[in-house]
1. Looking at ALA283, ALA204 in this structure, which one is among the small types (Gly, Ala, Ser) and surrounded by 20 or more Cβ atoms within 10 Å (Cβ to Cβ)?
2. Scanning region 240-264 for residues that are hydrophobic (A, V, I, L, M, F, W, C) and touching a Ser or Thr at 6+ places or on another chain (Cβ under 8 Å), which turns out surrounded by the most Cβ atoms within 10 Å (Cβ to Cβ)?
3. Is it the case, given these coordinates, that LEU66 is assigned to a loop (DSSP other than H, G, I, E, B), in contact with a helix residue (DSSP H, G or I) (Cβ under 9 Å, 6 or more places away or on another chain) and of a type outside the set (Ser, Thr, Tyr)?
4. In the list ASP101, ASP123, which residue meets the criterion of being closer than 27 Å to GLY194 by Cα, without any contact (Cβ under 8 Å) to a residue 60 or more places away in the chain and surrounded by 13 or more Cβ atoms within 10 Å (Cβ to Cβ)?
5. Restricting to region 273-294, and then to whatever is small (Gly, Ala, Ser) and over 19 Å from ILE258 (Cα atoms), can you tell me which residue is nearest to the chain's Cα centre (by Cα)?
6. Read through the list (1) touching a helix residue (DSSP H, G or I) at 6+ places or on another chain (Cβ under 6 Å); (2) without any contact (Cβ under 8 Å) to a residue 40 or more places away in the chain; (3) among the β-branched types (Val, Ile, Thr); (4) within 28 Å of SER279 (Cα to Cα), then give the number of the only condition that ILE261 fails.
Amino acid sequence: MNDIFDICISYPSVLNEELFESWINGVPVEEAAKNLQSQPDVEAFQLSHELLAASVADQYAQFTLLDSAMMQPDVFVNYPSNYILDWKLRKKLVECYYSLDDALCRELIGSKLSARFRRDLADVAERCGIRLRSCRRQYENLRRVARFVEDTPGHLCEIIRRYFVLPLPLAEVYAAMIFLCVNRFETSKRCFSGATFADFTYCAEQLMTYWTNSNNQVAKLDSPVDLELDFEFCGELKVLKLLAEKQTYLDRHKSLVIRQISSSVSELCLNGVETNFKSLSKAIITIATGLSHAKEVRDLFLDIIEKVVDVVVGAQWTYQEFSNFLTSYDETLRILPPAKSSSFQRCWTRFFAPFKSISLRFYHLPLNTST
């Protein structure tokens, strides 16, 4: 009996990164093979579509074997004896597997990352223009990371980098996304239609820096220090109500602001400050003093747009004029009698720094007062 066997051994394993990306994005075998047809090597060797499809199917089968390994990326990357793959390639595969589409993240902001939400993923995928398999992968990755970090002490981004072996930019995206979902900010109204995921990532970073315990010397032992909002500092801000209720303080504050910005803004802006100062100041103070209430916190972005940004854009202030106004509002408020204590000023800085940054970030959104 003279049977002949053809044996091919590949060591280390050869994985096609382009096909891996197609696989995680849910591209069918036939479509992936068709996409390869125009590559120079394929044309040079005149490979048939059937042969390409068989090769793609084989690669997809290898990727399926890696699926479970991606549930523990730190083990997959850091213990090479378990996987016959180059270290750099393992890291690259993890980064690719845990990649996130901005469109999907924008759609999911404010949603509860629950198992029950899975039934809506088909509609979400259609709205985002991505394949259902890709949508499911990203959603499950978000849930996996969120479940892991909620009971792990440390800084959110560092936890994600360490245990999921992700590059800093991607870890920051996961941290911002999880922060926004845990705190359930309202972002679905029509006035947010022009806001991108990058806008909300920026806002999340501001809030995580100033409105959490991220700078607290006493670290939490059972959860990240910068996942949940901390409003203990808001107690000091109650004194702001005097600025809104007492006419002498309101008039003094307005005159100080107008005097300070008079040489750096247009006449139109100065007239706008004269007309809108009371309503803008009341809005800022209401937001500051209402942060201890869950509803006010959930509507933070909405309140900033409707009560501050829309007023400014409607008054035709430029971005720089708006920035000058906010800077002057901050600096002149600090010299008024109710606001001179050092404890108040520390708390005011924690409130106003992210408030100003977020307000300026939302300035570019189209004026749309309809929610």
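1. ALA204
2. VAL257
3. When the stated conditions are applied, LEU66 does not pass them.
4. Result of the check over ASP101, ASP123: ASP101.
5. So the residue we want is ALA294.
6. (2)
Residue by residue, here is whether (1) among the polar types (S, T, N, Q); (2) under 15 Å from ALA171 (Cα atoms); (3) within 20 Å of the chain's Cα centre (by Cα) holds:
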{"site": "ARG119", "(1), (2), (3)": "no, no, no"}
{"site": "ASP123", "(1), (2), (3)": "no, no, no"}
{"site": "GLU126", "(1), (2), (3)": "no, no, no"}
{"site": "LEU132", "(1), (2), (3)": "no, no, no"}
{"site": "TYR139", "(1), (2), (3)": "no, no, yes"}
{"site": "VAL145", "(1), (2), (3)": "no, yes, yes"}
{"site": "PHE148", "(1), (2), (3)": "no, yes, yes"}
{"site": "GLY154", "(1), (2), (3)": "no, yes, yes"}
{"site": "CYS157", "(1), (2), (3)": "no, yes, yes"}
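Condition check ((1) without any contact (Cβ under 8 Å) to a residue 12 or more places away in the chain; (2) over 12 Å from CYS105 (Cα atoms); (3) in a helix (DSSP H, G or I); (4) among the basic types (Lys, Arg)) across all residues:
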{"position": "PRO169", "(1), (2), (3), (4)": "yes, yes, yes, no"}
{"position": "GLU172", "(1), (2), (3), (4)": "no, yes, yes, no"}
{"position": "ALA176", "(1), (2), (3), (4)": "no, no, yes, no"}
{"position": "CYS181", "(1), (2), (3), (4)": "no, no, yes, no"}
{"position": "GLU186", "(1), (2), (3), (4)": "no, yes, no, no"}
{"position": "GLY194", "(1), (2), (3), (4)": "no, yes, no, no"}
{"position": "ALA198", "(1), (2), (3), (4)": "no, no, yes, no"}
{"position": "TYR202", "(1), (2), (3), (4)": "no, yes, yes, no"}
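The values are calculated or read from the model by the stated rules, or taken from the named source; none is laboratory data. This one's a predicted model, so the numbers in the text were calculated from it and none came from an experiment. A quick note on method: Cβ atoms are made from the backbone with ideal geometry, for glycine too, and the neighbour counts reach across all protein chains shown.
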